[in-house]
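The values are calculated or read from the model by the stated rules, or taken from the named source; none is laboratory data. Since we're looking at a predicted model, the values are computed, not measured. FYI the Cβ positions are ideal-geometry reconstructions off the backbone, even for glycines, and counts take in every protein chain you see.
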Amino acid sequence: MFSQAPAFYHLSTAEGLSDNNVNSAARDQNGILWIGTTEGLNSFDGNRITTYHKYKYPVLGDNYVDKVLVDSENEVWIRTGAQNLLLLDRRRIFRSLKFETPDTSKGLLSIFHTKSRA
């Protein structure tokens, strides 16, 4: 019995990725791979790449996507270089989330997901 070799895609700007410098990637429950690069947010469905830039989606605030995270509700959380925190909800609508820190010079340092325990 032989096992199948895993499928591997090499994605680059030649395939439509917004930039070859990838900062973060996460797969959602639908199998979509979300890729944060220095030049935008990308989604890859296994066949094609869709790119999200700030000129088409001004809510991004910046093309530099530092972190991408998918939570248990299948919502995509995005942190940009402009220290914006965005939520791409299950309907795939961008929502900008405002937050305040005591020291505004630090901005948003990190995002992470935890599982709540009863």
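Observations on the structure shown:
- Ala26 being at pLDDT 95 or above and small (Gly, Ala, Ser): yes
- Hey, Asn74 modelled with pLDDT of 90 or more, within 19 Å of Thr38 (Cα to Cα) and not in a strand (DSSP E or B) or not: no
- Only one entry of Arg27, Arg79, Arg95 meets the criterion of being over 11 Å from the mean Cα position of the chain (by Cα) and of a type in the set (Lys, Arg), and that entry is Arg95.
- Which listed residue, of Gly81, Gly36, Gly107, Gly40, is at pLDDT below 90 and in contact with a strand residue (DSSP E or B) (Cβ under 7 Å, 6 or more places away or on another chain): Gly81
- Within region 42-69, if we keep just the residues that are crowded, with 20+ Cβ neighbours inside 10 Å and among the aliphatic types (A, V, I, L, M), the residue that is nearest to Ser18 (Cα to Cα) turns out to be Val65.
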